[in-house]
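The values are calculated or read from the model by the stated rules, or taken from the named source; none is laboratory data. All of these numbers come straight from a predicted model, not from anything done at the bench. As a convention, Cβ positions derive from the backbone with ideal geometry for all residues, glycine included, and neighbour counts pool all protein chains shown. For accessibility, only protein heavy atoms count, side chains too; no ligands or nucleic acids. Shrake-Rupley method; radii C 1.70, N 1.55, O 1.52, S 1.80 Å.
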Amino acid sequence: MNLRDLVYKLYARRVEGRLDHDQVPKHIGVILDGNRRWARASGGTTEQGHQAGAEKIRELLGWCAETDVEVVTLWLLSTDNLDRPENELVPLLGIIEDAVRDLAADGRWRVHHVGNRDLLPTRTQMVLKEAEQATLDVDGILVNVAVGYGGRQEIADAVRSLLLHHAQRGTTFEELAEIVDIDLIAEHLYTRGQPDPDLVIRTSGEQRLSGFMLWQSAHSEYYFCEVFWPAFRKVDFLRALRDYAARHRRYGS
(Lines give C-alpha, C1' and ligand atoms only; values in the text may rest on other atoms or scores of the structure.)
Protein backbone atom coordinates (compact mmCIF):
# COMPACT_ATOMS: atom_id res chain seq x y z
CA MET A 1 0.00 0.00 0.00
CA ASN A 2 1.47 3.36 -1.03
CA LEU A 3 1.18 6.58 0.94
CA ARG A 4 -1.73 7.89 -1.12
CA ASP A 5 -3.76 4.72 -0.57
CA LEU A 6 -3.01 4.86 3.15
CA VAL A 7 -4.20 8.48 3.36
CA TYR A 8 -7.45 7.63 1.54
CA LYS A 9 -8.02 4.64 3.81
CA LEU A 10 -7.54 6.72 6.94
CA TYR A 11 -9.78 9.46 5.55
CA ALA A 12 -12.49 6.92 4.70
CA ARG A 13 -12.39 5.61 8.26
CA ARG A 14 -12.75 9.15 9.57
CA VAL A 15 -15.76 9.88 7.34
CA GLU A 16 -17.36 6.53 8.18
CA GLY A 17 -16.83 7.10 11.91
CA ARG A 18 -18.77 10.34 11.72
CA LEU A 19 -21.60 8.89 9.64
CA ASP A 20 -25.00 8.84 11.33
CA HIS A 21 -26.56 5.52 10.30
CA ASP A 22 -30.01 6.87 11.12
CA GLN A 23 -29.53 9.34 8.24
CA VAL A 24 -28.38 6.76 5.67
CA PRO A 25 -30.61 6.44 2.58
CA LYS A 26 -32.55 3.18 2.50
CA HIS A 27 -32.71 3.02 -1.30
CA ILE A 28 -29.80 4.16 -3.45
CA GLY A 29 -29.91 4.31 -7.24
CA VAL A 30 -26.57 4.28 -9.04
CA ILE A 31 -25.89 5.31 -12.63
CA LEU A 32 -22.67 3.41 -13.34
CA ASP A 33 -21.15 5.81 -15.84
CA GLY A 34 -17.67 6.21 -17.26
CA ASN A 35 -16.48 2.67 -18.05
CA ARG A 36 -15.39 3.51 -21.58
CA ARG A 37 -13.72 6.79 -20.65
CA TRP A 38 -11.88 5.07 -17.79
CA ALA A 39 -10.62 2.46 -20.25
CA ARG A 40 -9.41 5.09 -22.70
CA ALA A 41 -7.67 7.04 -19.95
CA SER A 42 -5.90 3.91 -18.71
CA GLY A 43 -4.95 2.67 -22.17
CA GLY A 44 -7.35 -0.28 -22.09
CA THR A 45 -10.14 -1.51 -24.34
CA THR A 46 -13.84 -0.76 -24.03
CA GLU A 47 -14.45 -4.35 -22.96
CA GLN A 48 -11.84 -4.03 -20.21
CA GLY A 49 -13.59 -0.89 -19.01
CA HIS A 50 -16.94 -2.65 -18.78
CA GLN A 51 -15.33 -5.60 -17.01
CA ALA A 52 -13.68 -3.32 -14.46
CA GLY A 53 -17.04 -1.64 -13.91
CA ALA A 54 -18.74 -4.98 -13.30
CA GLU A 55 -16.09 -5.96 -10.75
CA LYS A 56 -16.71 -2.74 -8.82
CA ILE A 57 -20.33 -3.76 -8.12
CA ARG A 58 -19.38 -6.30 -5.45
CA GLU A 59 -17.40 -3.62 -3.58
CA LEU A 60 -20.29 -1.18 -3.72
CA LEU A 61 -22.76 -3.68 -2.31
CA GLY A 62 -20.35 -4.52 0.48
CA TRP A 63 -20.20 -0.84 1.43
CA CYS A 64 -23.98 -0.64 1.29
CA ALA A 65 -24.30 -3.63 3.62
CA GLU A 66 -21.92 -1.99 6.09
CA THR A 67 -24.03 1.18 6.19
CA ASP A 68 -27.51 -0.39 6.43
CA VAL A 69 -28.74 0.42 2.92
CA GLU A 70 -31.70 -1.83 2.09
CA VAL A 71 -32.28 -1.40 -1.67
CA VAL A 72 -29.78 -0.66 -4.44
CA THR A 73 -30.72 -0.06 -8.08
CA LEU A 74 -27.84 -0.46 -10.54
CA TRP A 75 -28.30 0.90 -14.06
CA LEU A 76 -26.28 -1.57 -16.11
CA LEU A 77 -27.77 -1.16 -19.60
CA SER A 78 -30.17 1.43 -20.95
CA THR A 79 -32.57 1.01 -23.85
CA ASP A 80 -30.35 3.49 -25.73
CA ASN A 81 -27.34 1.21 -25.14
CA LEU A 82 -29.08 -1.50 -27.16
CA ASP A 83 -28.32 0.57 -30.28
CA ARG A 84 -24.56 0.28 -29.79
CA PRO A 85 -22.52 -1.56 -32.46
CA GLU A 86 -22.75 -5.33 -32.19
CA ASN A 87 -19.01 -5.69 -31.58
CA GLU A 88 -19.44 -3.66 -28.37
CA LEU A 89 -22.94 -4.73 -27.34
CA VAL A 90 -22.37 -8.51 -27.44
CA PRO A 91 -19.35 -8.47 -25.08
CA LEU A 92 -21.14 -5.98 -22.83
CA LEU A 93 -24.17 -8.24 -22.53
CA GLY A 94 -21.86 -11.14 -21.69
CA ILE A 95 -20.21 -9.11 -18.92
CA ILE A 96 -23.62 -8.11 -17.54
CA GLU A 97 -24.81 -11.72 -17.59
CA ASP A 98 -21.71 -12.83 -15.68
CA ALA A 99 -22.18 -10.01 -13.17
CA VAL A 100 -25.82 -10.98 -12.56
CA ARG A 101 -24.83 -14.64 -12.11
CA ASP A 102 -22.18 -13.59 -9.59
CA LEU A 103 -24.70 -11.54 -7.63
CA ALA A 104 -27.05 -14.51 -7.45
CA ALA A 105 -24.28 -16.94 -6.51
CA ASP A 106 -22.98 -14.68 -3.74
CA GLY A 107 -25.88 -15.60 -1.49
CA ARG A 108 -26.17 -12.20 0.20
CA TRP A 109 -28.33 -10.29 -2.29
CA ARG A 110 -31.87 -10.64 -3.60
CA VAL A 111 -31.74 -9.91 -7.32
CA HIS A 112 -34.61 -8.27 -9.16
CA HIS A 113 -34.64 -7.22 -12.81
CA VAL A 114 -36.03 -3.83 -13.78
CA GLY A 115 -36.41 -3.10 -17.45
CA ASN A 116 -38.18 -4.38 -20.54
CA ARG A 117 -37.06 -8.00 -20.77
CA ASP A 118 -38.58 -8.45 -24.21
CA LEU A 119 -36.00 -6.06 -25.68
CA LEU A 120 -33.13 -8.31 -24.59
CA PRO A 121 -31.61 -11.41 -26.21
CA THR A 122 -33.06 -14.73 -25.05
CA ARG A 123 -29.89 -15.72 -23.20
CA THR A 124 -29.84 -12.48 -21.22
CA GLN A 125 -33.52 -12.88 -20.37
CA MET A 126 -32.87 -16.37 -19.01
CA VAL A 127 -29.94 -15.23 -16.87
CA LEU A 128 -32.06 -12.47 -15.30
CA LYS A 129 -34.98 -14.81 -14.68
CA GLU A 130 -32.79 -17.50 -13.13
CA ALA A 131 -31.07 -14.98 -10.86
CA GLU A 132 -34.41 -13.72 -9.59
CA GLN A 133 -35.71 -17.22 -8.93
CA ALA A 134 -32.50 -18.35 -7.22
CA THR A 135 -32.52 -15.41 -4.76
CA LEU A 136 -36.21 -15.09 -3.96
CA ASP A 137 -35.74 -16.22 -0.36
CA VAL A 138 -32.51 -14.34 0.33
CA ASP A 139 -32.79 -11.98 3.30
CA GLY A 140 -30.33 -9.33 2.22
CA ILE A 141 -30.11 -6.15 0.21
CA LEU A 142 -32.59 -6.03 -2.65
CA VAL A 143 -30.48 -5.40 -5.76
CA ASN A 144 -32.39 -4.10 -8.76
CA VAL A 145 -30.40 -4.74 -11.92
CA ALA A 146 -31.62 -2.26 -14.53
CA VAL A 147 -30.93 -3.97 -17.86
CA GLY A 148 -32.74 -2.82 -20.99
CA TYR A 149 -34.05 0.00 -18.84
CA GLY A 150 -35.33 3.44 -19.80
CA GLY A 151 -37.42 5.76 -17.65
CA ARG A 152 -39.84 6.69 -20.43
CA GLN A 153 -40.06 3.03 -21.46
CA GLU A 154 -40.95 2.10 -17.88
CA ILE A 155 -43.79 4.63 -17.70
CA ALA A 156 -45.12 3.51 -21.11
CA ASP A 157 -44.94 -0.13 -19.99
CA ALA A 158 -46.71 0.73 -16.74
CA VAL A 159 -49.58 2.44 -18.56
CA ARG A 160 -49.81 -0.47 -21.01
CA SER A 161 -49.90 -2.97 -18.12
CA LEU A 162 -52.57 -0.94 -16.33
CA LEU A 163 -54.76 -0.77 -19.45
CA LEU A 164 -54.44 -4.49 -20.18
CA HIS A 165 -55.16 -5.38 -16.57
CA HIS A 166 -58.39 -3.39 -16.50
CA ALA A 167 -59.41 -4.49 -19.99
CA GLN A 168 -59.28 -8.08 -18.74
CA ARG A 169 -61.51 -7.08 -15.82
CA GLY A 170 -63.99 -5.40 -18.14
CA THR A 171 -63.40 -1.90 -16.82
CA THR A 172 -64.66 0.77 -19.22
CA PHE A 173 -62.49 3.72 -20.20
CA GLU A 174 -64.85 6.03 -18.35
CA GLU A 175 -64.55 3.94 -15.17
CA LEU A 176 -60.78 3.76 -15.53
CA ALA A 177 -60.53 7.52 -15.98
CA GLU A 178 -62.30 7.95 -12.66
CA ILE A 179 -59.85 5.80 -10.69
CA VAL A 180 -56.47 6.49 -12.32
CA ASP A 181 -54.10 8.20 -9.90
CA ILE A 182 -50.43 8.18 -8.95
CA ASP A 183 -50.72 5.12 -6.73
CA LEU A 184 -52.51 3.09 -9.40
CA ILE A 185 -49.81 3.80 -11.98
CA ALA A 186 -47.06 3.05 -9.42
CA GLU A 187 -48.54 -0.43 -8.96
CA HIS A 188 -47.49 -1.24 -12.53
CA LEU A 189 -43.92 0.09 -12.44
CA TYR A 190 -40.93 -2.27 -12.57
CA THR A 191 -40.25 -1.39 -8.90
CA ARG A 192 -43.81 -1.82 -7.63
CA GLY A 193 -43.92 -2.42 -3.90
CA GLN A 194 -40.48 -0.90 -3.33
CA PRO A 195 -39.60 2.42 -1.70
CA ASP A 196 -38.53 5.16 -4.09
CA PRO A 197 -34.80 5.96 -4.14
CA ASP A 198 -33.73 8.41 -1.48
CA LEU A 199 -30.41 9.09 -3.20
CA VAL A 200 -29.29 8.79 -6.82
CA ILE A 201 -25.54 8.71 -7.46
CA ARG A 202 -24.06 9.27 -10.91
CA THR A 203 -20.37 8.85 -11.57
CA SER A 204 -18.14 10.29 -14.35
CA GLY A 205 -19.02 13.95 -13.83
CA GLU A 206 -22.16 14.00 -15.98
CA GLN A 207 -24.92 15.96 -14.26
CA ARG A 208 -28.12 14.54 -15.69
CA LEU A 209 -30.41 11.57 -15.07
CA SER A 210 -30.59 10.41 -18.70
CA GLY A 211 -34.01 8.94 -17.98
CA PHE A 212 -33.08 6.98 -14.85
CA MET A 213 -36.12 6.22 -12.66
CA LEU A 214 -38.00 9.29 -13.87
CA TRP A 215 -41.14 8.43 -11.92
CA GLN A 216 -39.51 7.19 -8.73
CA SER A 217 -36.89 9.94 -8.38
CA ALA A 218 -39.38 12.81 -8.10
CA HIS A 219 -38.22 13.47 -4.51
CA SER A 220 -34.76 11.89 -4.65
CA GLU A 221 -31.56 13.68 -3.74
CA TYR A 222 -28.84 13.61 -6.42
CA TYR A 223 -25.10 13.26 -6.00
CA PHE A 224 -22.82 13.71 -9.01
CA CYS A 225 -19.32 12.35 -8.63
CA GLU A 226 -16.42 13.29 -10.94
CA VAL A 227 -14.70 9.90 -10.79
CA PHE A 228 -15.33 7.26 -13.48
CA TRP A 229 -17.26 4.25 -12.23
CA PRO A 230 -14.41 1.67 -12.23
CA ALA A 231 -12.35 4.08 -10.09
CA PHE A 232 -15.18 4.73 -7.59
CA ARG A 233 -13.82 4.28 -4.06
CA LYS A 234 -15.33 3.71 -0.65
CA VAL A 235 -14.42 7.27 0.30
CA ASP A 236 -16.45 8.53 -2.70
CA PHE A 237 -19.41 6.44 -1.52
CA LEU A 238 -19.11 7.71 2.03
CA ARG A 239 -18.91 11.31 0.81
CA ALA A 240 -22.18 10.78 -1.03
CA LEU A 241 -23.83 9.47 2.14
CA ARG A 242 -22.39 12.34 4.18
CA ASP A 243 -23.65 14.87 1.66
CA TYR A 244 -27.10 13.25 1.68
CA ALA A 245 -27.26 13.27 5.50
CA ALA A 246 -26.45 16.99 5.56
CA ARG A 247 -29.42 17.91 3.38
CA HIS A 248 -32.89 18.78 4.67
CA ARG A 249 -35.46 16.92 2.61
CA ARG A 250 -38.57 19.12 2.38
CA TYR A 251 -40.58 17.34 -0.33
CA GLY A 252 -41.78 20.66 -1.73
CA SER A 253 -42.87 22.13 1.59
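Elements of the type helices (runs of 4 or more DSSP H) sitting completely within the range 40-157 and holding at least 3 residues that are touching a residue at least 40 places away in the same chain (Cβ under 8 Å) and within 22 Å of residue 230 (Cβ to Cβ): these cover 46-66, 86-106. Is it true that some residue in the range 65-83 is surrounded by fewer than 18 Cβ atoms within 10 Å (Cβ to Cβ), touching a Leu at 6+ places or on another chain (Cβ under 7 Å) and at pLDDT below 95? Yes - at least one qualifying residue is present in the range 65-83.
Give 136, 128 a once-over and let me know the one that is surrounded by 14 or more Cβ atoms within 10 Å (Cβ to Cβ), of a type outside the set (Ser, Thr, Tyr) and modelled with pLDDT of 95 or more. After ruling out the rest, the residue left standing is 128. The set of residues from the range 171-213 being part of a loop (DSSP other than H, G, I, E, B), open to solvent by 70 Å² or more (accessible area, probe 1.4 Å) and more than 24 Å from residue 23 (Cβ to Cβ) comprises 181, 187, 192, 193, 208. Residue count for the range 214-253, restricted to those that are in a loop (DSSP other than H, G, I, E, B) and modelled with pLDDT of 95 or more: 9.
For residue 159, the conditions (1) open to solvent by less than 40 Å² (accessible area, probe 1.4 Å); (2) of a type outside the set (Lys, Arg); (3) touching a His at 6+ places or on another chain (Cβ under 8 Å) are fulfilled apart from (1). Of the residues contained in the range 111-122, one or more are found to be at pLDDT 95 or above, surrounded by fewer than 16 Cβ atoms within 10 Å (Cβ to Cβ) and more than 23 Å from residue 213 (Cα to Cα).
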